[in-house]
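The values are calculated or read from the model by the stated rules, or taken from the named source; none is laboratory data. Everything numeric in this text was worked out from a predicted model, so none of it was measured. Cβ coordinates were reconstructed from backbone atoms using ideal geometry, including for glycine residues, and neighbour counts include every protein chain displayed. Protein only, heavy atoms only, side chains kept; ligands, DNA and RNA dropped before computing areas. Shrake-Rupley method; radii C 1.70, N 1.55, O 1.52, S 1.80 Å.
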Amino acid sequence: MLLRTIFAGFGGQGVLMMGYVLALTAMREERHVTYMPAYGAEVRGGTANCTVVVSSDEIASPIASSPDVAVVMNHPSMVRFQSAVRPNGTMFLNSDLISQSPGRNDIEVIKVPANTLAHEIGNDRALNLVMLGAVVQKTRAVSIETMKKALGEVFAGKSAKILEDNIKGLIRGAEFVEGEVG
């Protein structure tokens, strides 16, 4: 099993957190993992992306120049990474902020209204976990149950409500994509 993923969007959308949670979850499932964040100097509002490689074998290169999956949270990120996704790969789009589709017909495009779904669960800031839930449900790279535990680690010291809302977001994203493609 080898999954190369790029997460991209504006700073403040939780892009780096998505990658970190996926990487932590994969480590908890005893997989080999690399996590490489990249962000602009201004962070919130600037561009941010990260690459996560998850494998059952040792990872030769942490660079995902041709990712299997791209998770894009805004239009500029779609434009930037649409050509990078390998043929037959998958691109997850935050359809609340991206109205166009990538100009390719050799990849699967999954449109997730992440902002809307996060709002429905009562926490607009959980949009990144909504998207991550969709990715995990579709790729099956890690289990949702292990990811819930990893979220407990990530949000240790935060209020129980913050953890609860993020788990709700994760589950809502998984349910959404299961209903759409399952």
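Residues checked against (1) surrounded by fewer than 18 Cβ atoms within 10 Å (Cβ to Cβ); (2) on the phi < 0 side of the Ramachandran plot; (3) of a type in the set (Gly, Ala, Ser); (4) modelled with pLDDT of 95 or more:
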residue: ASP106; (1), (2), (3), (4): yes, yes, no, yes
residue: LEU117; (1), (2), (3), (4): no, yes, no, yes
residue: LYS138; (1), (2), (3), (4): no, yes, no, yes
residue: ALA174; (1), (2), (3), (4): no, yes, yes, yes
residue: VAL177; (1), (2), (3), (4): no, yes, no, no
residue: VAL181; (1), (2), (3), (4): yes, yes, no, no
Subject >> Whichever residue in segment 143-156 is open to solvent by 10 Å² or more (accessible area, probe 1.4 Å) and in contact (Cβ under 8 Å) with a residue 24 or more places away in the chain and, among such residues, is nearest to ARG4 (Cα to Cα) >> reply: SER143
Original post:
Using beta carbons and a limit of 9 Å, which pairs, at least six apart or on different chains, have the first residue in segment 80-97 and under 12 Å from PHE7 (Cβ atoms) and among the aromatic types (Phe, Trp, Tyr) and the second one open to solvent by 10 Å² or more (accessible area, probe 1.4 Å) and in a helix (DSSP H, G or I)?
Top reply: PHE92/LYS138
Original post:
Scanning segment 1-32 for residues that are in a strand (DSSP E or B) and over 16 Å from ARG140 (Cβ atoms), which turns out nearest to the chain's Cα centre (by Cα)?
Top reply: PHE7
Original post:
Scanning segment 65-99 for residues that are of a type in the set (Val, Ile, Thr) and open to solvent by 10 Å² or more (accessible area, probe 1.4 Å), which turns out nearest to ALA134 (Cα to Cα)?
Top reply: THR90
Subject >> Single residue of LEU3, LEU16 found to be free of Cβ contacts under 8 Å to residues at least 40 places away in the same chain and of a type outside the set (Ser, Thr, Tyr) >> reply: LEU16
Original post:
Which of the following residues is more than 27 Å from SER65 (Cα to Cα) and among the polar types (S, T, N, Q): ASN166, ASN88?
Top reply: ASN166
